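A quick write-up on the structure given underneath.
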Amino acid sequence: MPSIPRVKKAVIPAAGLGTRFLPATKSMPKEMLPIVDTPTIHFIVEEAIKSGIEDILIITNSNKHSMENYFDINFELEQRLKESGKKELADEVHQIASLANVFYVRQKEPKGLGHAILCAKSFIGDEPFAVLLGDDLVVSETKPALRQLISAYEDKKTTILGVQKVKHEEVYKYGIVDPSKEVLPTDANFKIVDFVEKPKVEDAPSDYAVLGRYILTPDIFEKLERTKPGINGEIQLTDAIRMQMKERSLYACKFTGERYDIGDKFGYIKATIDFALKRADLSYKVRDYLKHVI
């Protein structure tokens, strides 16, 4: 029996305008906003690498040069750090460029997530691939969230949507899946029969939200090409996934890990505090300050 293609490539859509973080994002990509001292995009790329991804395509726009520069070598900076006796820091900066094979393509018009994924068609070819959204940062002490989805794909051999349970009153913020049966706490993966984008609270088929992690099969491109633009002329990935659902079974993977909504201001602040509390050089000072202000 032939083996299924391995998931080796990932796509990170990062062409959004970041309007929720204006005015900062007027001159800085939201993906470059730091969690303490490390850009969010760094953590997303790191998760992909730890999950076994070899090649990463970042979908950008014309205003995101700083993100491309971040994953490149900066000889001048490294030399100045070495001359200042900061060799350890110079090595750390150099290591960033060695994280992965990172490629870029521009989404020339803001036509939605589906259109952004479609921009990756030539890069992906006829392979299954991962999608990681930069607004969802997941910290797992065991297996990375994306690796959990890849394991589910290797078992089910079909499109996998990464989900976690959210508060029922907040389902209107997310894409919500409709399970084919009652989901038990022990069910790591379950079949889905529908996928509804931002439903009304009273209409939500479950509390399982798709949270920025996907494994997609390459037929998604043909579906995206047939997807008609919706509100604001955007092509929705949700619509293409629903087309796949009509042809075969799709599954959700209940991934484990602490998830932060970096696209939300409170989620961003929470992540910054939590990451600082885990650092030996900052935890004591941050704890002491929090006790003082609270």
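A short reminder: the numbers here are calculations on the coordinates, not readings from a lab. Keep in mind it's a predicted model, so treat the numbers as computed, not measured. Positions of Cβ are generated from backbone atoms using ideal geometry, with glycine treated the same way; all protein chains shown enter the neighbour counts.
For the stretch 1-67, the extents of the C-alpha atoms along the principal axes are 55, 25, 19 Å, listed from largest to smallest. If you model the stretch 1-129 as an ellipsoid using its alpha carbon gyration tensor, with each semi-axis the square root of five times an eigenvalue, the axes come out at 28, 21, 12 Å, biggest first.
Could you give the dipole magnitude of the stretch 233-294 about its Cα centre, charging the beta-carbon of Lys and Arg +1 and that of Asp and Glu -1, in debye to the nearest 20?
On the way: 12 positive and 9 negative charges, 52 e Å.
It comes to approximately 240 debye.
Taking only the C-alpha atoms of the stretch 148-192, the Rg (one decimal) and the largest Cα-Cα distance, Dmax (whole number), read 11.6, 34 Å. Among all the lysines, which ones have a C-alpha under 19 Å from LYS191's C-alpha, if same-chain residues fewer than 8 places away are not counted? Straight-line reach from LYS191, under 19 Å: LYS156, LYS157, LYS165, LYS181, LYS246, LYS254.
Suppose every Lys and Arg Cβ carries +1 and every Asp and Glu Cβ carries -1, with no other charges. What dipole size does the stretch 79-188 come out with about its Cα centre, to the nearest 20 debye?
On the way: 16 positive and 17 negative charges, 76 e Å.
Charge dipole of the stretch 79-188: 360 debye, to the nearest 20.
For the chain, the share of DSSP beta bridges that are antiparallel, to the nearest 5, is 60%.
In this Cβ point-charge picture (+1 for Lys and Arg, -1 for Asp and Glu), the chain has a dipole of about 220 debye about its Cα centre. Calculation over all alpha carbon pairs of the stretch 157-234 in 5 angstrom steps from 0 returns a P(r) of 3, 14, 21, 23, 21, 12, 5, 1, 0 percent.
In the chain, the sites counted are GluC sites (Glu not before Pro) in DSSP loop states with at most 13 other Cβ atoms within 10 Å, and the longest stretch holding none of them, exclusive of the sites, is 183-294.
Considering the dipole of the chain built from charges on the beta carbon (Lys and Arg +1, Asp and Glu -1) around the Cα centre, which of PRO34, ASN232, ILE49 is farthest to its positive end? Looking along the dipole axis, the top candidate is ASN232.
Give the shape of the stretch 140-282 as rounded, prolate or oblate, defined through the alpha-carbon gyration tensor: a ≥ b ≥ c are the square roots of its eigenvalues, a/c under 1.5 means rounded, and otherwise the shape is prolate if a/b is larger than b/c and oblate if not. Before the final figure, lay out the partial values.
Numbers: a/c = 1.67, a/b = 1.43, b/c = 1.17.
The shape class here is prolate.
Quick check on the chain: take the gyration tensor over C-alpha atoms, sort the square-rooted eigenvalues as a ≥ b ≥ c, and tell me if it's rounded (a/c under 1.5), prolate or oblate. It comes out prolate by the Cα gyration axes.
Over the chain, what is the mean sequence separation of C-alpha contacts under 8 Å (at least six apart), divided by residue count, expressed as relative contact order in percent?
22 percent
Give me the mean projected area, in nm² to one decimal, of the convex hull enclosing the Cα positions of the stretch 98-150. Before the final figure, lay out each step's value.
Values: hull surface 20.4 nm².
Result: 5.1 nm².
Computed on the stretch 160-236, with alpha-carbon pairs under 8 angstrom and 6+ residues apart, the relative contact order is 38 percent. For GLY112, the residues whose modelled amide H falls within less than 5 Å of its own, excluding neighbours fewer than 5 places apart on the same chain, are ILE235.
Evaluating kT/(6 pi eta Rh) at 25 °C and 0.890 mPa s, with the Kirkwood radius of the stretch 188-270 over Cα pairs in the Stokes-Einstein relation, gives 165 µm² s⁻¹.
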